[in-house]
Amino acid sequence: QVQLVESGGGLVQAGGSLRLSCAASIRTFRSYGMGWFRQTPGKEREFVAAISWSGGSTYYADSVKGRFTISRDNAKNTVYLQMDSLKPEDTAVYYCAASPRPDLGSSYYYTRRYDHWGQGTQVTVSS
């Protein structure tokens, strides 16, 4: 009965910002590591960012380092992705994911490490 719902996607100009939210219906939310992935048509789902249960450890894909920030509010069962300096190549459907491993481990970038996924939210960055 785990459910993840993303929100905050939309259309933005290159160089702009957007903040994505993921609300989780997980009673033991603090025991889950959380991640964000994205996917475009004809391409494999790729890792964007991840965060441990306490927020003490964060991980980012090289393509978004310095521009995106992942955070979580365990009191609200919510994880966020702040996206700044957006580029057209950031255009994709963004998915929130939950892992039963609180600290994620060394394979935080691997889709198979996450057991629960949201339905995704579209982010479009225009030139």
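List of remarks:
- Listed by first and then second residue, the pairs with beta-carbon distance under 6 Å, at least 6 apart or on different chains, first residue in the stretch 90-108 and open to solvent by 10 Å² or more (accessible area, probe 1.4 Å), second hydrophobic (A, V, I, L, M, F, W, C), are T91/V125; Y95/F37; Y95/W117; P102/W53; Y108/A50.
- Test for R72: is it in contact with a Ser or Thr (Cβ under 9 Å, 6 or more places away or on another chain), among the charged types (D, E, K, R), part of a strand (DSSP E or B) and at pLDDT 95 or above: yes
- Taken together, the residues in the stretch 14-44 that are under 18 Å from S63 (Cα atoms), touching a Gly at 6+ places or on another chain (Cβ under 7 Å) and not aliphatic (A, V, I, L, M) amount to 1.
- Matching residues in the stretch 35-70 - criterion: being among the polar types (S, T, N, Q) and within 19 Å of Q3 (Cα to Cα): S52
- Within the stretch 52-69, considering residues that are open to solvent by less than 10 Å² (accessible area, probe 1.4 Å) and not in a strand (DSSP E or B), the one farthest from Y114 (Cα to Cα): V64
- Residues in the stretch 13-51 that are assigned to a strand (DSSP E or B), farther than 10 Å from A97 by Cβ and open to solvent by 20 Å² or more (accessible area, probe 1.4 Å): Q13, L18, R19, S21, A23, Q39, E46.
- Checklist (1) over 20 Å from F29 (Cα atoms); (2) open to solvent by 40 Å² or more (accessible area, probe 1.4 Å); (3) among the acidic types (D, E) applied to D115, failing item: (1)
The values are calculated or read from the model by the stated rules, or taken from the named source; none is laboratory data. Keep in mind the model is a prediction, meaning the values are calculated, not measured. Every residue, glycine as well, gets a Cβ built from its backbone with ideal geometry; the counts of neighbours run over all protein chains shown. Protein only, heavy atoms only, side chains kept; ligands, DNA and RNA dropped before computing areas. Shrake-Rupley method; radii C 1.70, N 1.55, O 1.52, S 1.80 Å.
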